[in-house]
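See structure below.
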Amino acid sequence: MKARKICMIGDFAVGKTSLVSRFVSSTFGERYLTTVGVKIDTRAIELPSGDPLKLVLWDIAGKSAFARIDTSYLRDASGYLVVIDGTRPATLDNAIELQATVEQQLGGVPFGVLLNKTDLQGQWALSDDLVDPLNARGWSITPTSALSGDGVEQAFKDLGSQLVHEL
């Protein structure tokens, strides 16, 4: 079975660790735990094409646009997911900056954007006007909720499908 390294990037508290936990073990923890450095998990999946793929998920500590991401964690990544907190618009601007940093390091590897915390509709702060420029860039955007699991499985499988085509 082929294995591919996926990095999770985004601001602190956008839900990277919760998304990985939901995807890997179908769990959600109510308590916020800050990731220090990097946390690595794995999960084998079968893609819609029938191809098996092992995803090695690198949950990298949250960084804002003003804090430098440790680019050594990105080395040899096959793809990445940029996570944005839909209740905090500043995380979108920071995600754009982080994506540019990662692209400089990795080149044009496949990536996706997760608009997380869709379960918090009453606190949602990202309008279509803010998200439309990402769509215009051709970015693959998936609304997700680590709490309910909505969109999580699909987001990882979509990226996995892109990686199989890169093999």
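Each value in this text was obtained by applying a stated rule to the coordinates, not by laboratory testing. These numbers were taken from a predicted model, which means no experiment stands behind them. Here the Cβ is made from the backbone with ideal geometry for all residues, glycine too, and neighbour counts use every protein chain on show.
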**OP:** Taking the Cβ of each residue in Met1, Met8 as the centre, tally the other Cβ atoms inside 10 Å and list the residues starting with the fewest.
**Re:** Met1, Met8
Subject >> Neighbourhood net charge (10 Å Cβ-Cβ; Lys/Arg +1, Asp/Glu -1) for Ala77 >> reply: +2
**OP:** Neighbouring Cβ atoms within 10 Å as the yardstick, rank Phe156, Phe28 fewest first.
**Re:** Phe28, Phe156
Subject >> Footprinting exposure proxy for Asp132, Asp11, Asp93, Asp158 (fewest neighbouring C-beta atoms within 10 Å first) >> reply: Asp132, Asp93, Asp158, Asp11
Original post:
Taking every DSSP beta bridge that has both residues in the chain, what percent is antiparallel when rounded to the nearest 5?
Top reply: 30
Original post:
For the pair Trp139 and Gln154, how long in nm is the line joining their label points, each one 7 Å along Cα→Cβ?
Top reply: 1.9
Original post:
Once every DSSP H run of n ≥ 4 in the chain is given -39500 (n - 2.57) and the sum is divided by its residues, what mean residue ellipticity at 222 nm do you get, rounded to the nearest 500 deg cm²/dmol?
Top reply: -9500 deg cm²/dmol
Subject >> Cut-off 14 Å between beta-carbons: net charge of the residues surrounding Lys54, Lys and Arg +1, Asp and Glu -1 >> reply: +2
**OP:** Hey, can you grab everything whose amide H is under 5 Å from the amide H of Leu57? Only 5+ residues off in sequence or another chain; H modelled, so Pro and N-termini drop out.
**Re:** Ile6, Asp41, Thr42, Arg43
Original post:
Under a straight-distance cross-link criterion of Cα-Cα below 22 Å, which lysines are reachable from Lys117, leaving out those fewer than 8 residues away in the same chain?
Top reply: Lys16, Lys39, Lys63, Lys157
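Using a/c under 1.5 as the rounded threshold, could you call the chain rounded, prolate or oblate? The axes a ≥ b ≥ c are square roots of the C-alpha gyration tensor eigenvalues, and prolate needs a/b larger than b/c, oblate otherwise.
rounded
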**OP:** State, as an integer percentage, the relative contact order of the chain based on alpha-carbon contacts under 8 Å between residues 6 or more apart.
**Re:** 27
Original post:
How much FRET efficiency would the formula 1/(1 + (r/R0)^6) give for Asp119 and Val56, where r is the Cβ-Cβ distance and R0 is 30 Å, rounded to 0.05?
Top reply: 0.65
**OP:** May I ask you to derive the FRET efficiency for Ser26 and Ser49 from their Cβ-Cβ distance with R0 = 22 Å, giving the value to the nearest 0.05?
**Re:** 0.40
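Count the net charge of all other residues whose Cβ sits under 12 Å from the Cβ of Thr142, scoring Lys and Arg as +1 and Asp and Glu as -1.
Here the charged neighbours net out to -2.
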Original post:
If the label point is 7 Å along Cα→Cβ of Asp132, which residues in the stretch 93-114 have backbone nitrogen under 18 Å from it?
Top reply: 93
Original post:
In debye to the nearest 20, how big a dipole does the chain give about its Cα centre with +1 on each Lys and Arg Cβ and -1 on each Asp and Glu Cβ?
Top reply: 560
Original post:
Which distance in Å, rounded to a whole number, links the C-alpha centroids of the stretch 3-18 and the stretch 145-164?
Top reply: 12
